[in-house]
Amino acid sequence: MITNNYIYDNADRGIQLYPDAQGTTISNNVIDGNGEGIIFSGDSGLASSNNVAGRNVISNSRVRYNVESWWPSGNPIGTGNLASSNCLWNGTQGNVSDQIGFSASGNSVANPLFADRAAKDFSVPAGSACAAYVPTGGRHQSGEARAA
C-alpha cells in the first residue's frame, strides 16, 4: 500500500509501478508537480499487474501525463491495472495517456484549489472537488515512491 503521502517536485515519476509490482493499492495521496504522476510499467520480461490507484489527487505533472504506462518493445504488457476515482488536474501532456496495460474510469478533472502550492501547503478547502482525496495523516514529503 502507498497511502496518505505528499509526493511532489520529483524530476521524474511520483509513483512508478516497476518492473513487477503486483496488487499494489495507491490511495489518498497528493502527487503534485512531478515529471509524471503515476506510471504502470514493466521491463526485462516482467509486467506490473493488478494494481489500483484510486482516491488520489494527481496534478501538475511537468513532463508528461498525470497517469500513464510504459512497456518496452517486446515486453509483456500488464493487466488488471486501474486508475479510478482520482482527482486529476493540469498534466503537461494531459491527464491520462493512451490506456495501454491499464484502464482509467470515474476520474474527475478539477482544480484541487491547494491552499498555497508554492509553499507546499496542499490542503484543500471543503468545497473543492478533490477534498475527499487528500491524505488523512502523515506529513508533506518529497520523494519518488516505487512499488516492485
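The values are calculated or read from the model by the stated rules, or taken from the named source; none is laboratory data. A quick note: this is a predicted structure, and the numbers were derived from the prediction, not measured. Neighbour counts are summed over all protein chains in view; Cβ atoms, including those assigned to glycine, are modelled from backbone coordinates with ideal geometry. Note: areas computed on protein heavy atoms with side chains; ligands, DNA, RNA excluded. Shrake-Rupley method; radii C 1.70, N 1.55, O 1.52, S 1.80 Å.
Structure above, values below:
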item: Residue count, region 19-37 (criterion: among the small types (Gly, Ala, Ser), part of a loop (DSSP other than H, G, I, E, B) and open to solvent by 10 Å² or more (accessible area, probe 1.4 Å)); result: 1
item: Flag for residue 118 being farther than 15 Å from residue 29 by Cα, part of a helix (DSSP H, G or I) and at pLDDT 95 or above; result: yes
item: Any chance residue 128 is among the hydroxyl-bearing types (Ser, Thr, Tyr), buried (at least 21 other Cβ atoms within 10 Å of the Cβ) and either touching a Leu at 6+ places or on another chain (Cβ under 7 Å) or modelled with pLDDT of 95 or more (or both); result: no
item: In region 63-100, residue surrounded by the fewest Cβ atoms within 10 Å (Cβ to Cβ) [restricted to those that are assigned to a loop (DSSP other than H, G, I, E, B) and either acidic (Asp, Glu) or touching a Lys or Arg at 6+ places or on another chain (Cβ under 9 Å) (or both)]; result: 98
item: Cβ pairs under 9 Å, 6+ apart, first in region 101-114 and assigned to a loop (DSSP other than H, G, I, E, B), second of a type in the set (Asp, Glu) and open to solvent by 30 Å² or more (accessible area, probe 1.4 Å); result: 114/121
item: Hits in region 98-110 (condition: under 8 Å from residue 67 (Cβ atoms) and over 12 Å from the mean Cα position of the chain (by Cα)); result: 102
